[in-house]
């Protein structure tokens, strides 16, 4: 995602100089596509998740290939197509079955490849499998919960709050880098701004959309900020290790699909887990 926890004001950051109208248009279009699918036509949302997962797998496999890591791509693309509908139609058990079957397929396919580096390639493939199609499929699992659609909307609002308030606080007050070797512009002050903003949005959206107590919104806000920051740093580590600025340029003004979803894919898993704990306790 955008570098929200800026260390110090700067006239340009990694996203500066891009086509702003294109960025706005793509952002609005993707947001509308997701919103229509979530609220009114779930099959469209399933297809959208498959598309995001497939593009994400392509981006990461392409990046790994540039680093001379030959991951077995066929099982990963199959997982991108199968995991979202498996989660939507069959829930956790079917999704877990597809995960295990794909992991086995990854090992078998790579074992038949005569090229060296099998151990590194299999580990990289497992990372891609979990990070992209498996985590994205949690959005469909979330829809199975009571008020699942509303929980997805709360997640979207919390991720936006994380980015927006973190950026504002980081630019205005950022002095202490959080992870200088991975993401130099992220600061602890920006992280604090994200926590404050996300908690406020979590309380309001939890009360309005979920009829949940205020403390649930606080817990959800803190959890999503931690998850979103972890997702952002995870992608930054991958890109820095591979010497890349963006995962791709497939989205005008935004970079790659995973540049947009890095915070979201970690966040949706956390929202699902926190919601399960809350629903089992009330």
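Remark: relative contact order (the chain) = 25 percent; criterion is Cα-Cα distance under 8 angstrom and separation of 6 or more residues. For residue 111 and residue 97, the difference between the fully extended length at 0.36 nm per residue and the C-alpha to C-alpha distance is 2.9 nm. For the modelled label position 7 Å from the Cα of residue 74 along Cα-to-Cβ, which residues of the stretch 87-105 have backbone nitrogen atoms closer than 20 Å? Taking a point 7 Å out along Cα→Cβ of residue 74, the residues of the stretch 87-105 whose backbone N falls under 20 Å are 98-105.
So how many Å³ per residue does the convex hull of the Cα atoms of the stretch 129-282 work out to?
Roughly 114 Å³ of hull volume per residue.
Within the listed set 118, 236, 194, the Gaussian network model of the chain (springs between alpha-carbon atoms below 10 Å) gives the highest mean-square fluctuation for 118. Within the stretch 103-139, which residues have the backbone N less than 20 Å from the label spot 7 Å out from residue 277 along Cα→beta-carbon, could you tell me? Taking a point 7 Å out along Cα→Cβ of residue 277, the residues of the stretch 103-139 whose backbone N falls under 20 Å are 135, 138-139.
Label-to-label distance for residue 89 and residue 67 is 3.5 nm, based on points extended 7 Å past Cα in the beta-carbon direction.
How big is the chain by the Kirkwood estimate over distinct Cα pairs, in Å?
One decimal place: 19.4 Å for the Kirkwood radius.
Between residue 176 and residue 118, the modelled labels are 4.9 nm apart [label points 7 Å from Cα along Cα→Cβ].
Values quoted throughout were computed directly from the atomic coordinates according to the rules given, and no laboratory measurement underlies them. Note that this is a predicted model, so its numbers are computed, not measured. Neighbour counts are summed over all protein chains in view; Cβ atoms, including those assigned to glycine, are modelled from backbone coordinates with ideal geometry.
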